[in-house]
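Novice: Dropping a structure here in structure tokens format, bear with me for questions.
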Amino acid sequence: MDQITAVCKRLAAAKSLTVLSGAGISAESGIPTFRGEEGLWNKHRAEDLATPEAFRRDPELVWAWYQWRRTLIAQKQPNAAHDALVSLERRLAAFTLITQNVDGLHERAGSRSMIELHGNIWRMRCTGCGLKTESEAALPALPSCASCHGLLRPDIVWFGEAVDPDHLIRSLNACRDADVMLVIGTSGVVQPAASFASVAKEAGAFIVEINPVPSLSNLADRVFAEKAAVLLPKIV
Ligand code: APR
């Protein structure tokens with residue numbers, strides 16, 4: 001039996017499917033990943049931009065980088081991998097998508113049962129009163145809160161910051177409950193997401209990795225060293 005058929009049989013028999021996605025699932029939408037040869041971090045040091053210290057030191061620089069990323073993402077579309085996950089969500093009773101991506105493409109594709117573990121680039125949070133707002137429009141260099149005039153920041157989890165405890169609990173529960181877990185397009189270097197596959201494995205899940213440069217090594221039961229937008233539609 002070929003690998004794809006084996007995975008399809010597992011999915012057909014699965015009562016619950018959990019998916020972890022990383023930047024690689026948006027690569028074929030034309031959004032650069034963080035650590036590949038074209039990776040975003042290659043041009044900028046993470047310490048210079050995606051940290052609370054960087055924002056305190058130079059909020060205009062950090063906002064300029066996020067405005068550039070927002071402008072880039074706004075021109076892109078979800079790809080066949082995003083669409084394939086929407087099909088799987090509609091066909092499995094219990095489905096949870098945990099995404100590390102902040103680009104909003106899963107939501108635009110139609111994913112609903114989703115945990116945005118690292119936040120969302122279209123959402124801002126006031127550093128003064130905590131009010132959250134969404135906006136896809138171009139923002140001023142230093143956007144301020146309509147309610148308290150405090151400085152707005154991207155509602156994204158930066159290096160050195162903790163993920164939302166509720167997101168973490170829900171993610172761990174989804175990993176423990178999964179019959180099958182798909183790990184798609186992540187280099188598996190950033191915690192806590194990098195531990196989710198082993199949590200699922202220990203709880204008995206069948207682990208499938210889809211990544212041209214696999215990162216799960218012996219944790220995965222099936223590895224497809226292929227592009228997500230090529231392989232996922234085949235599975236669906
Ligand atoms: N299909 C599937 N996987 C792909 C594709 C593709 N077409 N193209 C690249 N990849 C894989 C790469 O091989 C790499 O393993 O996607 C992965 C992208 O890894 P990273 O750039 O490190 O992205 P990610 O794992 O999501 O980073 C985690 O780090 O920078 C922080 O908060 C940021 O959420 C991000 C986190």
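Novice: I want to check the label-to-label distance for Ala203 and Ile4. Put each point 7 Å from Cα in the C-beta direction and report it in nm to one decimal.
Specialist: 3.0 nm
Novice: Another one. Mind sorting Leu216, Leu152 by how few other Cβ atoms lie within 10 Å of their own Cβ, fewest first?
Specialist: Fewest-to-most Cβ neighbours within 10 Å comes out as Leu216, Leu152.
Novice: What percent does the relative contact order of the chain come to when contacts are Cα pairs within less than 8 Å and at least six residues apart?
Specialist: Over the chain, the number comes to 25 percent.
Novice: For segment 127-236, take the convex hull of the Cα atoms, compute a quarter of its surface area, and give me that in nm², please.
Specialist: Values: hull surface 38.1 nm².
With the hull built on Cα positions only, its mean projection is 9.5 nm².
Novice: While we're looking at this one, here's another question. What lysines could a cross-link reach from Lys201, if we take a straight Cα to Cα line under 19 Å and drop same-chain neighbours fewer than 8 places away?
Specialist: Lys201 reaches Lys9, Lys15.
Novice: Lone cysteines in the chain, going by a 4.7 Å Cβ-Cβ cut-off?
Specialist: When partners are defined as cysteine Cβ atoms under 4.7 Å apart, the chain leaves Cys8, Cys175 without one.
Novice: Is the shape of segment 1-142 rounded, prolate or oblate, going by the alpha carbon gyration tensor and its root eigenvalues a ≥ b ≥ c, with a/c under 1.5 for rounded and a/b larger than b/c for prolate?
Specialist: Cα axes put segment 1-142 in the prolate bin.
Novice: Please report, in debye to the nearest 20, how large the charge dipole of the chain is about its Cα centre when each Lys and Arg carries +1 at its beta carbon and each Asp and Glu carries -1 there. Walk me through the numbers on the way to the answer.
Specialist: Details: 25 positive and 26 negative charges, 72 e Å.
For the chain, the charge dipole is close to 340 debye.
Novice: Here is a follow-up. What share of the DSSP beta bridges in the chain is antiparallel, in percent to the nearest 5?
Specialist: Details: 8 of 30 bridges.
Around 25 percent antiparallel, to the nearest 5.
Novice: Each label point is 7 Å from the Cα along the Cα-to-Cβ direction; what then is the distance between the points at Ala13 and His149, in nm?
Specialist: So the label points at Ala13 and His149 sit 6.5 nm apart.
Novice: What is the magnitude of the charge dipole of segment 31-98 about its Cα centre, with +1 placed on the Cβ of each Lys and Arg, -1 on the Cβ of each Asp and Glu, and no other charges, expressed in debye to the nearest 20?
Specialist: Numbers: 10 positive and 9 negative charges, 39 e Å.
With only Lys, Arg, Asp and Glu charged at Cβ, the dipole is about 180 debye.
Novice: What residues of segment 1-35 lie in the reach of a label at Ala93, counting those whose backbone N is under 12 Å from a point 7 Å from the Cα along Cα→Cβ?
Specialist: The answer is 13-17, whose backbone nitrogens lie closer than 12 Å to the label point.
Novice: Please report Met114, Met124 as a ranked list, fewest other C-beta atoms within 10 angstrom at the top and most at the bottom.
Specialist: Fewest-to-most ranking of Met114, Met124: Met114, Met124.
Novice: Positive end of the dipole of the chain, charges at C-beta (+1 Lys, Arg; -1 Asp, Glu), about the Cα centre: which of Asn218, Pro52, Val7 has its Cα farthest in that direction?
Specialist: Val7
Novice: Here's another thing I want to ask about it. Roughly speaking, what is the stretch gain from Arg57 to Ser113, that is 0.36 nm per residue apart minus the C-alpha to C-alpha distance, in nm to one decimal?
Specialist: Values: separation 56, 0.36 × 56 = 20.16 nm, distance 3.66 nm.
Using 0.36 nm per residue and subtracting the Cα-Cα distance, I get 16.5 nm.
Novice: Let me ask something additional. What relative contact order, as a whole-number percentage, does segment 16-108 give when Cα pairs under 8 Å and 6 or more residues apart are counted? Walk me through the numbers on the way to the answer.
Specialist: Numbers: 84 pairs, mean separation 43.5, N = 93.
Relative contact order here is 47 percent.
Novice: Compute the length gained on full extension between Glu38 and Glu136: take 0.36 nm times their separation in residues and subtract their Cα-Cα distance, giving the result in nm to one decimal. Provide the component values of the computation, followed by the final result.
Specialist: Numbers: separation 98, 0.36 × 98 = 35.28 nm, distance 2.52 nm.
Fully extending the segment from Glu38 to Glu136 adds 32.8 nm.
Novice: Compute a Gaussian network model of the chain, connecting alpha carbons closer than 10 Å, and tell me which residue from Val208, Val163, Val190 fluctuates the most.
Specialist: Checking each option, the largest mean-square fluctuation is seen for Val190.
Novice: Between Thr71 and Glu161, what length comes free when the chain is fully extended (0.36 nm per residue of separation minus the Cα-Cα distance, one decimal in nm)? Can you show the working numbers first?
Specialist: Values: separation 90, 0.36 × 90 = 32.40 nm, distance 2.49 nm.
Length gained between Thr71 and Glu161: 29.9 nm.
Novice: While we're on this one: What does the charge dipole of segment 66-166 about its Cα centre add up to, to the nearest 20 debye, if the Cβ of each Lys and Arg holds +1 and the Cβ of each Asp and Glu holds -1?
Specialist: Details: 11 positive and 11 negative charges, 40 e Å.
Once rounded to the nearest 20, the dipole reads 200 debye.
Only the coordinates and a few stated rules stand behind these numbers; no lab work does. Fair warning: this is a prediction, and the values are worked out from it, not measured in the lab. For neighbour counting, all protein chains shown are included, and Cβ atoms are generated from backbone atoms with ideal geometry for every residue, glycine included.
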